[in-house]
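Colleague: Pasting in a structure now, in structure tokens, and then I'll have a few things to ask.
The values are calculated or read from the model by the stated rules, or taken from the named source; none is laboratory data. Just so it is clear, the model here is predicted, and its values are computed rather than measured. Here the Cβ is made from the backbone with ideal geometry for all residues, glycine too, and neighbour counts use every protein chain on show.
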Amino acid sequence: MASDLTYSQLVNFYDRSFILSNNRLLSTSLFVLYLPIGLALLIIRFVLLLLLYTVATAVPSLNTNPKFINLVSLVLGIFTQTDSVTSTKDFIRSEQIFVSNHITCFDHISIKSLLNKIYSVESADYLNKESFFLAQILKQSISAKKIDSFSKQILYFPEKLATNGTFKLLKFDFGCIKDSPMDIKPICLRCSRPFPFSTLSVNPIESNQLINLILFLFSPVTIFKVDFSLEKQSRQSDEPIERFAQKVGQSIASKLGLNLCDFDSQDFESVWNQHQNQAEAKNDQNGRLALQIKQILPDVTIETIEQHIRLSSSLDIDTVMASILDSDSQESSLLRSESTPVVNQPRLVLPSSKSNIFPTRKERKNISFEERKFELVNEARKRYLSRDYNQTDFKHNFF
């Protein structure tokens with residue numbers, strides 16, 4: 001399936017920016033007004049969360065204490081709601097696997113505030129390989145190899161990747177829990193922020209756990225809605241695990257009003273790694289081209305060259321150099337070096353034979369500019385070729 005998945009499809013599963021709104025002006029204005037308050041809230045909450053993490057590490061029993069869990073939720077700004085008719089008290093002593101869709105790295109806290117003694121199945125998230133320690137607060141994990149003999153409540157995210165929860169659900173993978181004899185209890189999870197903070201992204205593309213933590217601490221409140229209304233399901237003895245996972249995934253997707261796609265986390269990882277490799281290769285090519293142009297045009301900064309490489313969308317050296325020389329930007333290092341006035345120097349008087357370098361007629365100005373550009377390119381290339389020739393000649397004589 002990975003061959004059918006493209007990066008343009010993959011990004012639909014995530015927020016494309018940190019501020020989401022059709023009215024960018026209004027969203028940006030509200031963000032600027034809230035910024036001082038948000039930064040103060042971020043700093044205070046970060047210090048408190050660090051303190052709570054230290055206490056929880058020293059006293060592991062607090063990870064299942066309802067009051068301590070609520071305190072952590074308060075610091076993170078997490079408010080959990082449940083609209084289910086069935087009381088969560090009916091699940092507290094039940095031994096079953098709770099299967100949920102995955103939205104953020106703090107999903108386990110919202111569910112743990114309702115089921116305080118639940119354990120999470122360990123799973124690697126390739127998008128968040130650089131895990132941040134504060135994002136692991138209250139997480140009690142169990143290895144997938146021990147699930148078949150584990151008799152407590154288990155929380156499992158079969159998508160294995162956190163998405164924005166508004167596009168589609170990834171294909172469910174029950175490989176980690178296939179040997180467990182316990183029933184499956186589907187959970188529907190929704191995450192949102194109230195207006196005007198609804199424009200803050202929940203799971204932006206190319207983010208990590210630290211960025212997600214900052215968004216949680218910066219926003220005054222993040223609302224999780226947990227729905228337990230779906231009936232628990234049991235796998236038949238002759239039912240393939242893939243079909244059972246598809247059935248559970250379809251029930252959760254239907255309840256959320258979403259579709260279940262045909263791509264799983266392995267397909268996403270393959271496409272993501274391919275995109276990252278291509279991006280790194282392109283950056284290397286751009287870097288080498290920028291260095292080559294820097295040698296030809298030493299008065300132009302690397303930043304200006306890289307900007308013109310992006311603007312021209314080309315790796316052709318002549319195209320990028322023409323873009324640099326055609327630029328009328330006052331910030332161009334080349335133009336600054338030519339237009340900087342000389343202090344306390346006598347005024348240069350051009351000979352009459354050169355008086356037509358800056359003609360008054362518009363069409364003659366264009367012609368002169370083209371000639372000047374042509375001369376600059378030729379002079380730069382001569383310097384570059386001469387430099388290479390001298391280096392080659394030096395090496396030949398030296399050795």
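Colleague: For region 202-240, how many residues meet the condition of being of a type in the set (Phe, Trp, Tyr) and more than 24 Å from Phe18 (Cα to Cα)?
Modeller: 1
Colleague: Now for a different question. Mind checking whether some residue in region 206-218 is modelled with pLDDT of 90 or more, in contact with a Gly (Cβ under 6 Å, 6 or more places away or on another chain) and surrounded by fewer than 16 Cβ atoms within 10 Å (Cβ to Cβ)?
Modeller: no
Colleague: When the residues of region 35-76 are filtered to those that are of a type in the set (A, V, I, L, M, F, W, C) and either in contact with a Gly (Cβ under 9 Å, 6 or more places away or on another chain) or not in a helix (DSSP H, G or I) (or both), which remaining residue is farthest from Phe18 (Cα to Cα)?
Modeller: Val59
Colleague: Here is a follow-up. Among the strands (runs of 3 or more DSSP E) lying completely within region 111-213, list those that include at least 1 residues that are free of Cβ contacts under 8 Å to residues at least 60 places away in the same chain and more than 25 Å from the chain's Cα centre (by Cα).
Modeller: Here the list reads 119-121, 154-156.
Colleague: Follow-up question, since we're still on this one. Collect the residues in region 131-151 that are modelled with pLDDT under 80 and closer than 15 Å to Thr104 by Cα, keeping them in residue-number order.
Modeller: Ser131
Colleague: Does region 63-81 contain any residue that is at positive phi and either modelled with pLDDT under 90 or in contact with a strand residue (DSSP E or B) (Cβ under 9 Å, 6 or more places away or on another chain) (or both)?
Modeller: Yes, region 63-81 contains a residue that is at positive phi and either modelled with pLDDT under 90 or in contact with a strand residue (DSSP E or B) (Cβ under 9 Å, 6 or more places away or on another chain) (or both).
Colleague: Please indicate, with yes or no, whether at least one residue in region 242-255 is surrounded by 13 or more Cβ atoms within 10 Å (Cβ to Cβ) and within 16 Å of Leu5 (Cβ to Cβ). Outline the logic, then answer.
Modeller: Going through region 242-255, the residues surrounded by 13 or more Cβ atoms within 10 Å (Cβ to Cβ) turn out to be 242, 244-255.
Checking which are within 16 Å of Leu5 (Cβ to Cβ) leaves us with none.
Taking every residue of region 242-255 in turn, none turns out to be surrounded by 13 or more Cβ atoms within 10 Å (Cβ to Cβ) and within 16 Å of Leu5 (Cβ to Cβ).
Colleague: Give the residues of region 83-102 that are within 22 Å of Ile137 (Cβ to Cβ) and either touching a helix residue (DSSP H, G or I) at 6+ places or on another chain (Cβ under 6 Å) or modelled with pLDDT of 90 or more (or both), sorted by residue number.
Modeller: Phe98, Ser100, Asn101, His102
Colleague: Conditions first: (1) at pLDDT below 90; (2) exposed (fewer than 14 other Cβ atoms within 10 Å of the Cβ); (3) among the aliphatic types (A, V, I, L, M). Leu5 passes all but one, so which condition is the exception?
Modeller: Of everything listed in (1) at pLDDT below 90; (2) exposed (fewer than 14 other Cβ atoms within 10 Å of the Cβ); (3) among the aliphatic types (A, V, I, L, M), Leu5 misses just condition (2).
Colleague: I need the full set of residues from region 231-261 which are within 30 Å of the chain's Cα centre (by Cα) and in a strand (DSSP E or B), in order please.
Modeller: Asn259, Leu260
Colleague: If you don't mind, another one. Among the residues of region 291-308, how many are over 17 Å from Val377 (Cβ atoms) and of a type in the set (A, V, I, L, M, F, W, C)? Spell out how you get there, then give the answer.
Modeller: Of all residues in region 291-308, those over 17 Å from Val377 (Cβ atoms) come to 291, 301-303, 306-307.
From what's left, of a type in the set (A, V, I, L, M, F, W, C): 291, 302.
Result for region 291-308: 2.
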